[in-house]
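In what follows, a structure is listed as structure tokens, so that the remarks can point back to it.
The values are calculated or read from the model by the stated rules, or taken from the named source; none is laboratory data. Keep in mind it's a predicted model, so treat the numbers as computed, not measured. Glycine also receives a Cβ, built like all others from the backbone with ideal geometry; neighbour counts cover every protein chain displayed. Ligands, DNA and RNA are excluded from the accessible area calculation, which covers all protein heavy atoms including side chains. Shrake-Rupley method; radii C 1.70, N 1.55, O 1.52, S 1.80 Å.
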Amino acid sequence: MEKDVPPVRTPEEDQQLADSQKLIDDAKLTAEDLRKATPDPFPDSEPPQESRPGS
């Protein structure tokens, strides 16, 4: 009878995951900065109504 053994991560995989997470965090910060720095092009408009693609 085999036991379910979780996969073992290597230090290289841990480093790759950490690098990927840092890249994601940096992208989120950049997006937030851009959102704050970019004026709303349509300040008086209503948000779009829910629509279905192709309708």
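Is it the case that Lys28 is basic (Lys, Arg) and modelled with pLDDT of 95 or more? Taking the combined requirement at face value, the residue satisfies it.
Only residues that are open to solvent by 100 Å² or more (accessible area, probe 1.4 Å) and either of a type outside the set (Lys, Arg) or in contact with a Cys (Cβ under 8 Å, 6 or more places away or on another chain) (or both): list them for the range 16-32, please. First the steps, then the outcome.
The first filter runs over the range 16-32 and keeps only residues open to solvent by 100 Å² or more (accessible area, probe 1.4 Å), leaving 16, 22-23, 28-29.
Hits for the range 16-32 are Gln16, Leu23, Leu29.
Here Asp44 fulfils each of the conditions (1) open to solvent by 100 Å² or more (accessible area, probe 1.4 Å); (2) over 23 Å from the mean Cα position of the chain (by Cα); (3) modelled with pLDDT of 85 or more apart from (3).
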